[in-house]
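The structure appears below as structure tokens.
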Amino acid sequence: MNPRILLAVAARVLRQLRHDHRTAAMLLVLPALVLTLLWWMFDERGFGFDRLGPPLLALIPFIVMFLVTSVTTLRERSSGTLERLLAMPTGKLDFLGGYALAFGLVAMVQSVVAVLLCVWVLGLDVAGPVWMLTVVAVADAVLGSSLGLFVSAFARTEFQAVQFMPAIVIPQILLCGLFIPRDEMPTVLSALSDVLPLSYAVDAMSTVSATASSSFGGVDPAVWGDLAVVVGFGAAALALGAATLRRRTA
Amino acid sequence: MMNNVAIEVSDLHVVRGGVRAVDGVSFSVPHGQVAGLLGPSGCGKTSLIRSVVGVQIVESGTVTVAGKPAGDASLRHRIGYVTQAPSVYDDLTVEENLRFFARVLGADAAEVDRCLTAVDLDAQRRQVAVRLSGGQRSRVSLAVALLGSPDLLVLDEPTVGLDPVLRRDLWELFHRLAADGAAVLVSSHVMDEAERCDRLLLMREGKILADDSPAGMLARTGEQSIEHAFLSLVEASTEGVS
């Protein structure tokens, strides 16, 4: 691994984003709009936003980064720039790490905007420390990025890449506990939800919002456990993604 | 003392897309030479070039570059490689593309200016690549390959669709690089570029038909142009088979 190359890749990804004003604006504004819509919907009832807001804070960076990464890396594969980079002294981890770093930073800005909006404007009740919401959101974003990177190896076109969203992301949204608590699902589905990373991402976010703790940093120890699972899945997907990057192709 | 052989290919076989693209090819290219790989589209030029760069899965045979197996990690900063389709980032400016690849290679920032001048893109440096013409985009791709003055330059059809004046300038540049000790392997399907090479490899259906200097090729076949020499070599080889 070469830090110079890793940082060069990250800076380049961010520079590309800076040229694409429309995508950059959507990355920052859309999550805020969706959260505001949710708040408005539940405004009269007074309770729903506190229950559904935190899961959405976990879902949005995951979904957005999954889509953005799968399309950008597919582009990188089909335009020949990936082949060129791998014929240069670029290590696979420099490439993957550069993407993870760039999109992790974007996710951080995105989630800071979303969290500030939820807490200060929309009045979301957060029992735990507010900064922890951003930490969990960044972990979710990196998870989405690494899964997107992995599936981009199995798509030939951008159309196919986008179709992985209903295949990989939607089942996780259905089973993450947003609609029915995970322990109330049929046994098989509940077991399935136990092995899907998004379930832990949503659990972590909900726990931070619902519980305060006297332990380290005021964070419930269960959150660290959930976060470790999310990070572990992210690292595993990144390793699988690295295996799909081949210097030699047929 | 540096080994003078830049590229050594021995009995190379490549299957690409279910087709036998390279079928028992052997040749070597010394440092200081501009070697042209000529042949029609689909004759296996790209597969052969990809094998030299080390990005192609080969079926059998060996490819050695500067004494190391092709694709060896120590070669990655010594080879400049231009693919047929320009490999640049469409949403970055010309200059940003070059700066990025220069950072990856650890090349001096001054290299960016030198390479942009070499391909005559100084005026376009702040333009986003997607707004460039096809020829300009291939020049950006070529400029990236020139970064850091590589010992081996491998170019897959770099001059297609370029202005004749620029094409002449680029060939002069390739010869200057060769004079400084680099080896240059250029593929083309345009036979009139043949005379600009020190050495020609005529390729057809995965095999090397002839390997000679342009003058030697003409003398051998008694023809006036490389195009005719190619035709008479093809006829001679098919007669031999039937």
Counting only DSSP beta bridges with both residues in the range B:135-226, what percent are antiparallel, rounded to the nearest 5? 50 percent
Working only with C-alpha atoms, what are the Rg and Dmax values of the range A:1-128, expressed in angstrom? 17.9, 59
Evaluate E = 1/(1 + (r/R0)^6) for A:Leu189 and A:Gln163, where r is the Cβ-Cβ distance and R0 equals 22 Å; express this FRET efficiency to the nearest 0.05. 0.40
Descending semi-axes in whole angstrom, ellipsoid equivalent of the range B:95-178, from the Cα gyration tensor: 18, 17, 11
Signed unit charges on C-beta, dipole axis of the protein assembly as shown, positive-most listed residue A:Leu116, A:Gly234, B:Val184: A:Leu116
Folded to 0 to 90 degrees: helix A:130-151 orientation relative to chain A principal axis, Cα: 40 degrees
Taking only the alpha-carbon atoms of the range A:57-120, what semi-axes of the equivalent ellipsoid follow from 5 times the gyration tensor eigenvalues under a square root, in whole Å, largest first? 30, 12, 7
For the range B:124-242, with the dipole built from +1 on Lys and Arg beta-carbon atoms and -1 on Asp and Glu ones, taken about the Cα centre, which of B:Leu201, B:Gln124, B:Leu142 lies farthest toward the positive end? B:Gln124
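Could you list the trypsin sites (Lys or Arg not before Pro) in the range A:150-246 that lie in coil according to DSSP, counting only those with at most 16 other Cβ atoms within 10 Å of their Cβ?
Sparse-neighbourhood loop trypsin sites (Lys or Arg not before Pro): A:Arg156, A:Arg246.
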DSSP beta bridge pairing in the protein assembly as shown, given as percent antiparallel to the nearest 5: 55 percent
Kirkwood hydrodynamic radius (Cα pairs, Å) of chain A? 18.7 Å
Mind giving me the FRET efficiency for B:Ser232 and A:Met1? R0 is 41 Å, r the Cβ-Cβ distance, nearest 0.05 is fine. 0.15
Lysines whose Cα lies under 29 Å from that of B:Lys207, excluding same-chain neighbours fewer than 8 positions away: B:Lys45, B:Lys68
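On full extension of the chain, what length is gained from B:Asp72 through B:Arg20, given 0.36 nm per residue of separation minus the C-alpha to C-alpha distance?
Result for the pair: 16.3 nm of gain on full extension.
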How big is D for chain B, in µm² s⁻¹ as a whole number, if Stokes-Einstein is applied with the Kirkwood radius of its Cα pairs at 37 °C and 0.692 mPa s? 178 µm²/s
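Over all directions, average the projected area of the Cα convex hull of the range A:164-239 and note it in nm². Please report the intermediate quantities before stating the final value.
On the way: hull surface 23.7 nm².
Over every viewing direction, the Cα hull of the range A:164-239 projects on average to 5.9 nm².
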State to the nearest 20 debye the size of the charge dipole of the range A:1-139 about its Cα centre, where the only charges are +1 on K and R beta carbons and -1 on D and E beta carbons. 600 debye
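Let me know the Kirkwood hydrodynamic radius for the range B:1-54, please, with Cα pairs as the basis and the value in Å to one decimal.
12.2 Å
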So, in nm, how far is label A:Trp131 from label A:Thr244 when the simple model puts each one 7 Å beyond its Cα toward the Cβ? 3.5 nm
To the nearest 10 degrees, how steeply does helix A:92-116 sit against the main Cα axis of chain A, on a 0 to 90 scale? 30 degrees
Here the equivalent ellipsoid of the range A:81-178, derived from its Cα gyration tensor, has semi-axes (largest first, whole Å) of 31, 19, 10
Debye intensity ratio I(q)/I(0), log10, the protein assembly as shown, q values 0.07, 0.09, 0.10 Å⁻¹ (C-alpha model): -0.48, -0.70, -0.81
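All of the numbers you see were taken from the coordinates with simple rules; none came from a lab. Predicted model, so just to flag it, every value in this text is computed and none were measured. Here Cβ is always computed from backbone atoms with ideal geometry, including for glycine, and neighbour counts include all displayed protein chains.
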